[in-house]
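Each remark here refers to the structure printed beneath this line.
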Amino acid sequence: MKQRIDQIPAIWFLFSSLLSIFCLGIYVWGGKEGLAWKEISELIPQSVSLFPESNTNLQSSIFLVRQHYYVQSISPEFWPILLGAILGIIGLALLGQFVQSWAKISWKQIFLGILIWCGIIFWRNVDLSAMEWFSFLHSPWVMIASMAIALLSILSSSAIPSFLLEISHSSDKVSSQKKYMGFMLFYLINLILSMGNLWGFWTSTLYVPTFILLEISFALGMARSLRLEEKSQQKLYAALFLLSHSILIPFLWNNNEVGIRALESWGIMTHIAMCLLFPVFLWTNFKEPIQQNLAIYKVIHKAHFIPLFLIQIGLFIVCVSWVFARQGTAWHQIVAAYYNEQGDVEHFGGDRMLEEMAYKNAMIHSKLNQKSNLSLARISQAAGDVEKQAYYLQTSQIKYPLEKTFVALANIYGNENQWFESLFTLKKAQQLFPESAPIATQLSRAYEQLKQIDSAAYYAVMAKELAPKSPMNEANLLYFDVHHGSQLVHKDEIDGWSTSSDHAVKSNLLAKLWKNKQALPREFNQEAFAVQVDVRDFALLYNSSLYFKGQLDLYPIQEWIKDPNWLQKFPEITFLDAWQDYYHQQPLRALNKLDLLVQKENESKAIEYRLILQHWKQALLEIKAKVKIENFEQASAAIQSYPFSVGILQQALPLLHQAKKHQEAYQASLAAVQWNEELAEFYPMYIQEAFQQGEISYAEEAMARLKKLDPELFQSYTVAFAQAKEKAINRQKFN
């Protein structure tokens, strides 16, 4: 049992170190931003010769993919708040243990007091839901955690000077003093550089950020507290450590930067003050041991002239005065962070009015804080209030300019057809971020919208140079070559990009080679792929289907058409369905589908489809198939593949009758006549089939039509028609 108790300090040190490392990792990573890049793809039609292998010059549209960036607002995440709440509960429990031990209060009294307090709170708020309870309790938790982190900064401010004192101890006094003074001077200079950067006095990168020093001091302070013999002090430090990190984790992850800056401001004050006071404290209390070069770092907490806690109380008074000497900046920042955290909780509770109110309250204390502005921009975007969204985005970039903020603003102007405003915004962004490929891409789009094609192509090339491995930039260069006739892509690049797995690149590359009548590189992959409801996938599917025709694998297009998302995003999928049928041995079904589209589409599209329909029908008539048909299966397949071949029909229809497929034979002859009303050669078969089915009136109408089209052919079948009619009449009498 004793061995397990002895292991507790080591476990606490390991846990606190991991927690500090976790927070440092989030800090270095930067947390979850309020804005995120999203690639947007547009379908741009491009006319090409649809059947270059034939004599016809039929033009039709294929699709190019033009890509740019869209900036999407990101909501906060709940798990850091929940994790912080769990750590806060554990911290409060340890804090309660410390209070009980320090005040010598019995557990029964504490338990009874907590029970009565909780009972009253529950009775007064019995109607609250679980999320409302969380929001209700979250407010005092954030305040307690903020006070805990302020107190922990005071208590741990001596941790780094104590550690420096420990590692500077040497075998002789002079060496120890030189090391310690050198370490402390370096530490103080770093603190001053960090303070100047934090408060905007200068810009430098030659310093360790304040937050990293704070976490180091927290971890060192935790390690030093575990050396103390008094368990109550260990519990106090552990409670403050957990409570502090219960709010640091959501602050860091959800990018509540104003709270982190408040902590850094408070921390830099406490550390600078302690750095100046700590040598005085040492000399006052340990003058004789220092002169004897004793290891005084082991007894610092036992100072007998001026106890360390008095130094810490003085430190608190000095730092509070310093805060309000700076117009209470740190105070307003932590209050703004508190309201931002409340806004995040209300977001998950679903109350948009309280959420917006919380973020606006945060802006009262810190108008330029990024978290509030981006959160309010997200709310405005969801509500469709473009003016408010632009206002909050503009406000957020005054102090913290970001690429994404500029692009988001430029997109808003572009959507309102204010392309000059969009261009000016992007040019300003380029001055601040000259190495940004997304900004160059957006500039290319803005210039294209303003019909400045040369400038648009220039920035498209620049985007490719800034991000040479980005498929988006490759696809956009191909787009400019095809749509605007630019010469931006070299032959060696075409060979290299032909192996690309990006569907926008492959689609535009296929369009470029098709338009220029160039052969595809052998590396170009035309295999089937898993198609998603995505613009790039559709463009590649559409272009590949039209280019490779029957060589491309079958896709379940008829299933996709049943999904409203397909028809809404890609209405051309219905034409692609007919196209696939035609080139995969279902030409008659394809003709019927395309005929329906001709009747539904607008005039220009209907003309294009009608020309394709005529081309298909003529191609079917010109086929001179020599197929030997011996059974019903072969007959049925042959009719599907060659519905307008007289020779095939003459062989297949008798076999269908032998298999008792009379209706199928009739439909085959009827389709041939319906699609070729001006061709007399199909009428004799249809007339015979109509009499066979008892459709005497239809057969007589067809006979009259045949007599006008080709009297000689009609005359040659007169006897056969008369016999077939007599049989049909007799069958009706018999029935």
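The values are calculated or read from the model by the stated rules, or taken from the named source; none is laboratory data. If you're wondering where the values come from, they're calculated on a predicted model, not measured in any experiment. Quick reminder, even Gly has a Cβ in these numbers, built from the backbone with ideal geometry, and neighbours come from all protein chains shown. SASA here: full protein model, heavy atoms, side chains in, ligands and nucleic acids out. Shrake-Rupley method; radii C 1.70, N 1.55, O 1.52, S 1.80 Å.
So the values come out like this:
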quantity: Once the Cα gyration tensor of segment 276-346 is diagonalised, semi-axes √(5λ) in Å; calculated: 39, 14, 9
quantity: Those aspartates and glutamates that a straight Cα-Cα span of less than 15 Å connects to Lys360, excepting residues fewer than 8 apart in one chain; calculated: Glu341, Asp344, Glu346, Asp351
quantity: Kirkwood-type radius of the chain, with distances r between different C-alpha atoms, in Å; calculated: 33.3
quantity: Accessible surface, per residue, of the chain when the full set of protein chains is kept, probe 1.4 Å, Å²; calculated: 51
quantity: For segment 301-391, the fraction of alpha-carbon pairs in successive 10 Å shells from zero, as %; calculated: 16, 32, 20, 15, 10, 4, 1
quantity: Lys pairs under 26 Å by Cα in segment 416-536, provided they are eight or more residues apart or on distinct chains; calculated: 24
quantity: Probe 1.4 Å - accessible area at Met685, Å² to nearest ten; calculated: 30
quantity: Sulfur and carbon atoms: percent of accessible area, the chain [1.4 Å]; calculated: 59
quantity: Label-to-label distance, nm, for residues given as Tyr400 and Trp102 (7 Å Cα→Cβ offset); calculated: 3.4
quantity: Qualifying lysines (Cα of each under 22 Å from Cα of Lys287; at least 8 residues distant if same chain); calculated: Lys173, Lys178, Lys179, Lys298, Lys302
quantity: Sites Asn592 and Ala519 - FRET efficiency at Förster radius 25 Å, r taken between beta-carbons, to 0.05; calculated: 0.10
quantity: Helix axis angle, 370-383 relative to the chain longest principal axis, alpha carbon, degrees; calculated: 30
quantity: Whole-Å semi-axes of the ellipsoid equivalent to segment 83-182 (Cα gyration tensor, √5λ, descending); calculated: 45, 18, 9
quantity: Largest-first principal axis extents, alpha carbons of segment 326-483, Å; calculated: 55, 35, 28
quantity: Cβ-Cβ FRET estimate between Ile192 and Gln109, R0 fixed at 56 Å, reported to 0.05; calculated: 0.70
quantity: Exposure rule at most 15 other beta-carbon atoms within 10 Å, DSSP loop GluC sites (Glu not before Pro): the chain longest free segment; calculated: 231-415
quantity: Range of Cα positions in segment 391-438 per principal axis (Å), largest first; calculated: 26, 23, 14
quantity: Two-site FRET efficiency, Lys727 against Gln674, from Cβ-Cβ distance with R₀ of 30 Å, rounded to 0.05; calculated: 0.80
quantity: Debye intensity ratio I(q)/I(0), log10, segment 581-658, q values 0.14, 0.25, 0.26 Å⁻¹ (C-alpha model); calculated: -0.51, -1.09, -1.14
quantity: Expected 222 nm ellipticity per residue - DSSP helices of 4 or more, -39500 (n - 2.57), all of the chain, to 500; calculated: -23500 deg cm²/dmol
quantity: Zero-based 10 Å bins, Cα pair distances in segment 229-352, whole percents; calculated: 11, 28, 31, 19, 8, 2, 0
quantity: In Å, descending, principal axis extents of the Cα set of segment 227-285; calculated: 45, 30, 11
quantity: Cα Rg over Rh - segment 497-596, Kirkwood; calculated: 0.97
quantity: In degrees, nearest ten, helix 173-198 long axis to first principal axis of the chain (Cα); calculated: 50
quantity: Dipole-positive endmost among Ile296, Ala429, Phe163 within the chain (Cβ charges, Cα centre); calculated: Ile296
quantity: C-alpha long axis of helix 159-168 to longest principal axis of the chain, angle in °; calculated: 70
quantity: Those aspartates and glutamates that a straight Cα-Cα span of less than 15 Å connects to Lys388, excepting residues fewer than 8 apart in one chain; calculated: Glu356, Glu416
quantity: Nitroxide proxy distance, nm - points 7 Å out along Cα→Cβ at Glu435 and Ile167; calculated: 3.1
quantity: Label point distance in nm, Leu18-Val126, each placed 7 Å from Cα along Cα→Cβ; calculated: 4.3
